[in-house]
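Since the structure comes first, as structure tokens, the remarks are kept for the end.
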Amino acid sequence: MAGETSRIIGSIILLGAPGAGKGTQAKRISARYGIPQISTGDLLRENVRQGTELGKMAGSIMARGELVPDDLVYGLVSERLRLADCQRGYILDGFPRTPAQAGWLDALLEDKFFDSSEREVWRPFVVRIEVDYNELLLRLTGRRTCPTCGTIYNVHLQPPRKNGFCDKDGSQLVVRADDSDEVIAERLNAYDVQTRPVAGYYERTGRLFTVDGNRPVDEVSREIFSAIERHARVDALGVKDA
Ligand code: AMP
């Protein structure tokens, strides 16, 4: 990024139902500002794939579409946030998912920055992506992911050029294990009951921005970028064009 690589962007949180486009938008924010996407779902799936102790505990819970216990997720998140690539900021995608997790994150940041002049900058800026229920269903049932580069396609809405294969690297696309009809219903239910109240938690801080995610992905990105830049006054960053 031209010039200001030392500029701090801070904590960005993406809130939204499964299928709202958090992963897609997180990748775009990451590319624009040069900060990492931290997806607790991806971290958990990686543990399941590698057969770690944590993966063994989380796997069956994830397969049912339920939330895994907080303690398991806290360990993953605090470890990930300590890595050097988070020094200027990060995008949390899929965390926090309950008001308790939001409180835990506040306590973690408070502890880390309590006597620092950077404290304000690191207080989370929260982007909530809202999408209608029927659109979410269409997106989740059609979702295909590239296991190599992580690009997300949709057989109904955004198909790859060659059916079943990634445009970028030719890998065979996969369906996520929890994108089956019953598990989708359970994940949407978990969102309604457990995650929706997280917005209320942040609304009180005045740092919640809501975007209509039913629109084309580029329009949604543009709105998110301008909200982040308005908020963090990073317009002097010399960021790349959308
Ligand atoms: P995602 O990729 O964000 O849709 O997450 C996939 C699954 O991982 C969820 O259905 C949960 O089982 C689990 N998961 C991801 N993030 C969290 C979290 N913050 N708290 C609890 N469970 C989570």
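The values are calculated or read from the model by the stated rules, or taken from the named source; none is laboratory data. Bear in mind the structure is a predicted one, so any value in this text is a computation, not a measurement. As a convention, Cβ positions derive from the backbone with ideal geometry for all residues, glycine included, and neighbour counts pool all protein chains shown. Remember, those area values only see protein heavy atoms, side chains included, never the ligands or the DNA or RNA. Shrake-Rupley method; radii C 1.70, N 1.55, O 1.52, S 1.80 Å.
What the Cβ-Cβ distance of residue 227 and residue 181 gives, at R0 = 35 Å and to the nearest 0.05, is a FRET efficiency of 0.55.
Restricting the trypsin sites (Lys or Arg not before Pro) of segment 115-213 to loop positions (DSSP other than H, G, I, E, B) with no more than 12 neighbouring Cβ atoms within 10 Å leaves 161, 162, 168, 204.
Quick one: with all protein chains in place, what share of the accessible area of segment 42-109 is carbon or sulfur, to the nearest percent (1.4 Å probe)? Using a 1.4 Å probe with all protein chains present, segment 42-109 comes out at 56 percent carbon and sulfur.
Kirkwood hydrodynamic radius of the chain, from the reciprocal of the average inverse Cα-Cα distance over all distinct pairs: 18.6 Å. The alpha carbon gyration tensor of segment 177-230 gives principal lengths a ≥ b ≥ c with a/c of 1.5 or higher and a/b no greater than b/c, which makes the shape oblate. Prolate is the label for segment 145-204, because the ratio a/c of its alpha-carbon gyration tensor axes (a ≥ b ≥ c) is 1.5 or higher and a/b is greater than b/c.
For a modelled paramagnetic label at residue 167, 7 Å from Cα along Cα-to-Cβ, the residues of segment 114-155 in reach, with backbone nitrogen under 17 Å, are 143-155. Non-local lysine pairs in the chain, meaning eight or more places apart or on different chains, with alpha-carbon distances under 28 Å, amount to 11. Among the cysteines of the chain, those with no neighbouring cysteine Cβ under 4.7 Å are 86, 149.
Hey, got a sec? Which chymotrypsin sites (Phe, Trp or Tyr not before Pro) in segment 95-127 land in a DSSP loop and have at most 16 other Cβ atoms within 10 Å? Qualifying residues, ordered by number: 114. Is the C-alpha gyration tensor of segment 137-242 telling us rounded, prolate or oblate? Criteria: a/c under 1.5 is rounded; beyond that, a/b larger than b/c is prolate, otherwise oblate. Judged from the Cα gyration tensor, segment 137-242 comes out oblate (a/c at least 1.5, b/c at or above a/b). Accessible area per residue for the chain, computed on protein heavy atoms with a 1.4 Å probe, is 51 Å².
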